[in-house]
Structure formats: structure tokens, C-alpha cells
Amino acid sequence: MKPMLSIKNLHVSVAGKPILDGLTLDIPAGEVHAVMGPNGAGKSTLSYALAGRPGYEVTAGSATLDGVDLLALEPDERASKGVFLSFQYPTEIPGVPALTFIRTALNAQHKARGEAEISAPDFLRLVRAKAAALKMDFDMLKRPLNVGFSGGEKKRMEILQMAMLPPHLAILDETDSGLDIDALRIVSEGVNAMRGPERSMLVITHYQRLLDYIRPDRVHVLAMGRIVASGGPELAHALEAEGYDKYAQEAA
Amino acid sequence: MSLARAIETGDLTALPSRRDEDWRWTDLRGLLRTLPPAAPAKLERIVVNPGETRVVDLCFRVAAGYSQVTRGDIQVADGGHLALTEDYDGEGVSDTELTISLGANSRLERIVKTHSSDDAVCVSRAEVTLGAGAVLRQTVLTSGARRQRIETRVTHPGAGASVRLDGLYLLADKRHADITTAVTHAGVGGTTDQLIKGVVRDQARGVFQGRIVVSPGADQTEARMGHHALVLSDRAEVDGKPELEIYADDVVCAHGNTVGALDEDALFYARQRGIPEYEARAMLTEAFVGEVIDRIEHDDAREAARAWVAGQLGRAS
């Protein structure tokens, strides 16, 4: 099968400092790949570079989604092409109710793709159903986005947005951080409900625990800015038992 | 020394200049080398009787090529209620001097809106005295002018009287707006609450001078002042001078003053969700100023203010 996400020899610098150093990774359509690695290996840099965050300078290499050169696009254009990033630390947006924010985003994506706007009743029906599936209190959606939300509420809000803006490529950056075991289960069920043949997922995590809930097709180890090992789900268990030390040394 | 006196006497040395501490950011003498011919002075008088409720719209307009002084005398008797909207949409040079007197337990909701032209020089000054238990609710909405000053001075008796002095300046191009307020708490048990927000872009300049004085013996005063501005261009400027002078012991006073840019993290977050940059900037800017609009109690006035903001931000972007 033709890969949906294809990253080749990606080099990324932040503030002039090289972080990713020739990263190559393919994720075929319908597959879930986990990227694991020690702190400082470049996991979040990978997610931000794919999403187009200003300040993450690509100095070499390529990244395509369904054959489209992502790196040539603005962040909002990438989103409309189907890139969704679930943030490790979701940003608070004072003064903008979550419902307003999500509807603005959905309509912006529809407009960018030449699709019709969603009507207000259809939008409300859809968002009510998705919020209920994530066991979210609907009143929370009337509050300013993420302002005063707990860590678990913020992560549910990320997954709700992912469900409302169904992407081709979902990047989950440390979605397990800050979650208790119940929230982890609910969020994981939300993610698993979205697995499908037309969607690829890149799950970035430091710990194996998340992968008990979101079972990956492949596991990659990111160390020193490169993928240094790849394998099946068993690789995650080996990492949990042995740690990252040997990869850090090998990459050096 | 005032613009009104200069217009009335033709004496340019009567104009406030940068050498006057209170006018240093809104220099008129350096700006006006000559004064256009004076149109006849105008007088406005509004009287609200005891217990009466009135809604009044005043429009101050001076034509291009003229200068004009308007004096206004506004009296709200005990228990009266006035909803006053002032529109300033002149093109010439104007000074409006208002004397506002609020009786005991009366209420004034004052909205000041300006739509001055790029060439206009506009000063509006209000002297407000409050009776016991009176309520003043004021919101200034301005897009500036060539040079503009909206000034409000309040003599606050304490005595359960309550003042809200809010304002919003949204400035583009080379426009200038100065919101200056001074509140003197003279007696026990009064409240003043102030929230001023501003957005400046291009080469615009916003000025806020806020002074709250709590006189000796004016205990149990509660005073809050906030001024927060977004500067959206390297060449735009905001000058803020918040001052709290407290000569009483038993008071609750707080102030905050911030000047910054749009939150880049919030901007990227919105763009990652598919919202184009210009739309994300407008959304975050509108959210920033929305807090001032939300504080307007009257529904119609609040929605009119919201529409004014949307129009300004749409036009300016």
C-alpha cells in the first residue's frame, strides 16, 4: 500500500540548534505508529514540524501526506489537508467559547476545501453526540476554550476536536501525560473509535502505558533526532523493561 | 488653558502642550499652528426630573475647516435615570465641555462613541459630580482621530455611590486616542471599577492616563483599575500612566497595566485547527476586547458596542 505519511531525511532546527537529524518514517493509510523516545530526543519537534509551528525550521528533507508536500503549506492549510495535532499542552484561549472555536475551525476547513458551511443545528447535534461519547459535560463547551480546565479535560477537548475535524493524519503528542487511569481509558476509546482505513495516526509517547490502550501496528524509537529502531508492539514492552540508554549510546 | 479657550479667543498659547504634564502625550500646541474659523458655540442642556427615566442621544459634529466649542449641562435629579449616548463624528477641530451632576440614588449610563475623520482634532471633557448612592456606568469606544482626548473627571462622595469607567480604543493608521480619567474619592464607602483595553496597529498611538485619589478619611473605598493593550505593529505605541494615590488606611485598591502582542501560542493553536491567520488574529483580538463589551449592562447598548467593535476590526484588518 502507498504510504499516507512519508517523511524522508528530515532535518529540523529550533533557534539554530539542530534537533531532528535525518528522520525517516512512513505511515501507511489505516495504520497506527508509535514513536517513543527519551526526553529531548525530538518527539515534540517532530509533531510541531509536521504541523508547521513557526520557529521549527526545516533545513533538509521532505514530508508528504497523500503525496502533498506538507512543508510548503501554512499551518492552517495543512489542517485543511487533514493534519491534526493533539497538543501535549493545549493552549488556553480566553474569551472564545469552545463551541465558537470549534465551529469557526470546522467552517474554515470546509471553506478551504470548497465544501458548504455546516448549519448551526447540524453542528450542535454533531458536537453534542461527540461530547457525550467522551463523557464531557456539554456546559463545559460554552466556557472559554481550555481556560481553567483540568489536564484531563484539556485532553478530552483535544480528542473532541479531532472527532469534529476528522483528519487523515492524527498526531497525538504525549496524550497520556496528565491523565489519570479513567481519563486515559476514555480518551483512548475516543482515539480507537477513529481508527479507520483512511486515517493514519502518529502516537508520540514516553511511556508504554498508553500503548496498552491504543495498540500500535508499529513502534519506532526516536533518539538523537533519528529513528534508531523499529519493530512491532513488543518493542514497546522491551523499552519499558530496558529503558532508552542503549539507543542513546548507539545514536551517539 | 484649554482648546475651548484657544478657539474662543484665537489665542494659540492657550493650547495645552507637551510641557503640561497632563497633556504630554497629547500635544495640541505643537500640532495646531493655526486654528480654523470658529463656528458659533453650541449649548446642550439635559434635565432629568426626580424619578424620571430618559434616553438621550447627542451627536457632536463639526464640519471640516471649522472649529467649535460645545458646552453641555446635564443634570439628573434624585432617583432619576438617564441613558446617554454621545456620538463624536466631526471632521474639524472641536472641544466639548460637559458638566454632569447626578443626584442622590440617580443613575447615568453613558456611552461615548467616536467616528472622527483622519483630520479631526477632538477633545471631550466631562466633569461629573455624584450624590450619595448614585451610579455612573461609562464606556468610551473610540477609533481615535488625528489627535483626540476623551477626559472624565469624577468627584466621588463615597456614600454608596458606584462608578464604572471603562473604555476601548481600536486604532489604526496614524490615529491617536487619549483616554484620561481622574476619580477623587472624598468620602467613606465608595467604589470605582475601571477596565480600559486598547488595540493599536500601523503607526497609531494610544494613551491612557488614569488617576484614582482616595482622600484622607475616605475609608472603605474599593477601587480597581486595569489597562491592557495589544500592540500589533512595531511602529505603534501605547503610553499608560495608571496612578493610585491613597491617603486613607482602610481601603481595597488594585491596579494592573499590561502592554503586549497577541499570544503566539494561541495563534498557532487556532491555525493548527484550520483557521487562517488573518481570521485567527481577528478572533483573538475580538476576544481580547470582548471583556469590556461584556461589562455593558444594557442589552441594546452592549450589542451596539459589539457591532461597533466588529466593524472596526473588520475595517482595520
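The values are calculated or read from the model by the stated rules, or taken from the named source; none is laboratory data. A quick note: this is a predicted structure, and the numbers were derived from the prediction, not measured. Neighbour counts run over all protein chains shown; Cβ positions are idealised from the backbone, glycine included. Ligands, DNA and RNA are excluded from the accessible area calculation, which covers all protein heavy atoms including side chains. Shrake-Rupley method; radii C 1.70, N 1.55, O 1.52, S 1.80 Å.
Find out how many positive minus negative residues lie around B:D87, taking Lys and Arg as positive, Asp and Glu as negative, among other residues whose Cβ is under 14 Å from that of B:D87.
Result for the neighbourhood of B:D87: -2.
Pairs of alpha-carbon atoms within less than 8 angstrom and 6+ residues apart define the contacts here; what relative contact order does region B:3-261 have, in percent?
11
Where the centre of each part is set by its Cα atoms, how far does region B:180-239 sit from region A:158-213, in angstrom?
If you average the Cα positions of each part, the centres end up 46 Å apart.
Cα centroids of region B:246-301 and region A:6-56: how far apart, whole angstrom?
A separation of 34 Å, based on Cα centres.
Can you tell me the dipole magnitude for region A:73-165 around its Cα centre, using point charges on the Cβ only (Lys, Arg +1; Asp, Glu -1), in Debye to the nearest 20?
Approximately 240 debye in magnitude.
For A:K17, give me every one of the aspartates and glutamates with a C-alpha distance below 18 angstrom, ignoring sequence neighbours fewer than eight places off in its own chain.
Straight-line reach from A:K17, under 18 Å: A:E57.
Looking at region B:3-261, what % of its DSSP beta bridges pair antiparallel, to the nearest 5?
0
Of all DSSP beta bridges in chain A, what percent run antiparallel (nearest 5)?
Restricted to chain A, the bridges split so that about 60 percent are antiparallel.
Once you list every other residue whose beta carbon is under 10 Å from the beta carbon of B:L28, what net charge do they have if Lys and Arg are +1 and Asp and Glu are -1?
Charge balance in the 10 Å sphere: +1.
Over region A:17-148, what relative contact order in percent results from Cα pairs under 8 Å that are six or more residues apart?
In percent, rounded to a whole number, it is 22.
Please say if region B:3-261 is rounded, prolate or oblate, where rounded means a/c under 1.5 for a ≥ b ≥ c the square roots of the C-alpha gyration tensor eigenvalues, and otherwise the choice is prolate for a/b larger than b/c and oblate otherwise?
The shape class here is oblate.
State which helices in chain B qualify, where a helix is a whole DSSP H run, it must extend 27 Å or more along its own axis by its Cα atoms, and its mean Kyte-Doolittle hydropathy must be at least -1.0.
What comes out of the filter, once short or polar helices are dropped, is none.
Per residue, how much accessible surface does the protein assembly as shown expose to a 1.4 Å probe? Answer in Å², no decimals.
With the other protein chains kept in place, the protein assembly as shown gives 41 Å² per residue.
I need the P(r) histogram for chain A: all alpha carbon pairs, bin width 5 Å from 0 out to the longest distance, whole percents.
The percentages, shortest bin first, are 1, 6, 13, 17, 20, 17, 13, 8, 3, 1, 0, 0.
Percent antiparallel among DSSP beta bridges with both residues in the protein assembly as shown, to the nearest 5?
Once the DSSP bridges in the protein assembly as shown are tallied, antiparallel ones form about 15 percent.
About the Cα centre of region A:45-110, what is the dipole size in debye to 20, counting +1 per Lys and Arg Cβ and -1 per Asp and Glu Cβ, all else neutral?
Magnitude of the dipole: close to 160 debye.
Going Cα to Cα from B:K241, which aspartates and glutamates come in below 12 Å? Please leave out same-chain ones fewer than 8 positions away.
Cα-Cα hits under 12 Å: B:E21, B:D22, B:D178.
Looking at region A:67-200, how many pairs of lysines come closer than 18 Å at the Cα, when each pair is eight or more places apart or spans two chains?
Counting lysine pairs in region A:67-200 gives 8.
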